[in-house]
């Protein structure tokens, strides 16, 4: 039968081994957390860049659309102005203008 001192030494040795194993595992977890932090940071940066690019593309598309709408509105007002001029000239004026 082992002596109480020997049993205590054995228990202490087991606890030391378990403590060392826990320390190693804690370090592994810390390393994984650091790795995840870097990964999340890179993902965040990539997301911000993608959002910036999307905003720029959206802005350019809006500017193009505004230019097209503006052109169509100018054309519409020119046609309305021409219609008003022709309407004000009346039928006799149109005969003179077009030589009917």
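So, residue 81, is that one outside any loop (DSSP other than H, G, I, E, B) and under 47 Å from the mean Cα position of the chain (by Cα) or not? Judged against the criteria, residue 81 is a match. Do we find that residue 94 is surrounded by 10 or more Cβ atoms within 10 Å (Cβ to Cβ), in a helix (DSSP H, G or I) and in contact with a helix residue (DSSP H, G or I) (Cβ under 9 Å, 6 or more places away or on another chain) in this structure? Criteria met by residue 94.
No lab work stands behind these numbers, since they all come straight from the coordinates. Note that this is a predicted model, so its numbers are computed, not measured. Neighbour counts run over all protein chains shown; Cβ positions are idealised from the backbone, glycine included.
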